[in-house]
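A quick write-up on the structure given underneath.
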Amino acid sequence: MMYLNSFNPDAFLCDKAKELRSSIGTFIHKVDVGHKLMPTSLYKKKDNNRNCLKEAMKWKESFHQLLSSKDGLSAFRTFLKTEFSEENLEFWIACEDYKKTPLGNKLSGKAQCIFQEFLQTGAPREVNIDHQTREHTRQQVAVVCRNCFDAAQEQTRILMEKDSYPRFLKSPFYQQLLAQSSIRKLKLTFT
């Protein structure tokens, strides 16, 4: 229960700004994804057309295959946007990028940005991890080490693998992607 004398107008306005940012982002993604379901990078090059079905079929083999493919990441990100849950993948990608950052002053700032964007309570793109992992990661970020996000990243990866990935494989989006890949393959065979 909020009392009048404990009301903080700055905190209230900050919360409303976050809600508005989230709503606008959701709307933009919905509009953007609604008319572009196919990741265009899959079919840009003619040589690439021969391998698209083969590559898209590999994504069924394992979640690791999907994450290790540039086009797989693009397709999975597009799918997650339709479910408004792309923050998990974005966090995973940010962690992978962080691990490749050269040691130095930038590492600390990058760690803080990732924590504030994805892990801090009330973060703009907060991922769903348990309190223990969040606190452990907060402590690790304070000492700035290369693997400070490992526990949170792994928890997020498991969540995507167990939840979003099976839905992706069963989705009309992925089925359409396979169908379009095989149609393109057939067209190449007959021309």
field: Approximate spin-label separation K162-N105, in nm, with each point projected 7 Å along Cα-to-Cβ
entry: 4.3 nm
query: Want the number for M57 to Q175: 0.36 nm per residue separation, take away the alpha-carbon distance, what's left?
result: 41.4 nm
- request: Could you please state how large a percent of the accessible area of the range 69-151 is carbon and sulfur, counting protein chains only and using a 1.4 Å probe?
  value: 50 percent
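The values are calculated or read from the model by the stated rules, or taken from the named source; none is laboratory data. Quick caveat, the model's predicted, so the values are computed rather than measured. Glycine gets a Cβ as well: all are built from the backbone with ideal geometry, and neighbour counts include every protein chain shown. Remember, those area values only see protein heavy atoms, side chains included, never the ligands or the DNA or RNA. Shrake-Rupley method; radii C 1.70, N 1.55, O 1.52, S 1.80 Å.
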